[in-house]
Amino acid sequence: MKKLKKFNGIKAVIFDVDGTLIDSSEGLYESFRIACKEIQVATPSKDKFFSAIGPPIGDVFDVVFPNHEHQKEKFVSAFRYDYDNFSFNKFKENGNLLNLFTELIKKGCYLAIVTNKPSLPTEKILNQINILNIFHEVFCRDTLNATWNKEKNLSYCIKKMCTDYNLQIENFIYVGDTAEDLEASRNNSIAFIGVIGNFFAWPLNFNQSIPLITDLELILNHLEFKT
């Protein structure tokens, strides 16, 4: 039987949002469909869209429609308008988030978010499920510098929390659902737990030293907290 991977001395858990805290696939695809209609192109399948999602929607457009650069601005504008105002609320929680965060806080853990999602829909979603004020830090794509990627935002978040809460790099873990999330954690020298979600298929030969979970509450089984 495979031994359960344990991380010791954890004092801060940083989460991604899409595919990690929530399943936002329905709302994202609805906005994608509306944006495709706006620029009068056929809407690709859900599988093709989900295989590209993760980066900002402009980057997704470049992958899905490489020959439509002249329509990119109109597409992104249509997507953002629909998602930020209407389709953002078409999501499902990945487990009982309030229970999970309550348990982490009881153990003296600091909580944060680092996501490629813009701040407007992120705050609306977190408010809708009454967890926004639980987080000590929330860093979205546009919080500091819209040109920064997830790795840079994660780096800034870690440095700020180390200063504000007297933490060390070994006290952190990042929880995400894509290879980009894993790479960001590795390049910042912090631990990682992968979530099996709707947007990214972890390869069958994936590194067995990285825990993969289907239920977010299972992260409690992998964490040993510094007291």
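The values are calculated or read from the model by the stated rules, or taken from the named source; none is laboratory data. Just so it is clear, the model here is predicted, and its values are computed rather than measured. In this analysis, Cβ positions are derived from the backbone assuming ideal geometry, glycine residues included, and neighbour counts consider all displayed protein chains.
So which pairs qualify, if the first residue must be in region 109-121 and in a strand (DSSP E or B), the second must be of a type in the set (S, T, N, Q), the Cβ gap must be under 6 Å, and the two must be at least 6 apart or on different chains?
114/153
Given (1) closer than 26 Å to residue 153 by Cα; (2) touching a Phe, Trp or Tyr at 6+ places or on another chain (Cβ under 7 Å); (3) not in a helix (DSSP H, G or I), where does residue 55 come up short, assuming only one miss?
(2)
Within region 1-35, work out how many residues are within 17 Å of the chain's Cα centre (by Cα) and touching a residue at least 60 places away in the same chain (Cβ under 8 Å).
Qualifying residue count, region 1-35: 16.
Of all residues in region 141-175, how many are of a type in the set (D, E, K, R), farther than 23 Å from residue 221 by Cβ and part of a helix (DSSP H, G or I)?
6
When you check residue 38 against the structure, is it touching a residue at least 40 places away in the same chain (Cβ under 8 Å) and closer than 30 Å to residue 129 by Cα, yes or no?
no
Quick check, is residue 132 more than 18 Å from residue 57 (Cα to Cα) and either out of contact with any strand residue (DSSP E or B) (no Cβ under 9 Å at 6 or more places or on another chain) or buried (at least 20 other Cβ atoms within 10 Å of the Cβ) (or both)?
no
Can you tell me which of 90, 37, 46 is surrounded by 14 or more Cβ atoms within 10 Å (Cβ to Cβ), modelled with pLDDT of 95 or more and not hydroxyl-bearing (Ser, Thr, Tyr)?
Of 90, 37, 46, the one residue that is surrounded by 14 or more Cβ atoms within 10 Å (Cβ to Cβ), modelled with pLDDT of 95 or more and not hydroxyl-bearing (Ser, Thr, Tyr) is 90.
When only residues in region 176-227 that are closer than 17 Å to residue 6 by Cα, of a type in the set (Gly, Ala, Ser) and assigned to a loop (DSSP other than H, G, I, E, B) count, which is modelled with the highest pLDDT?
Ranking the candidates gives 189 first.
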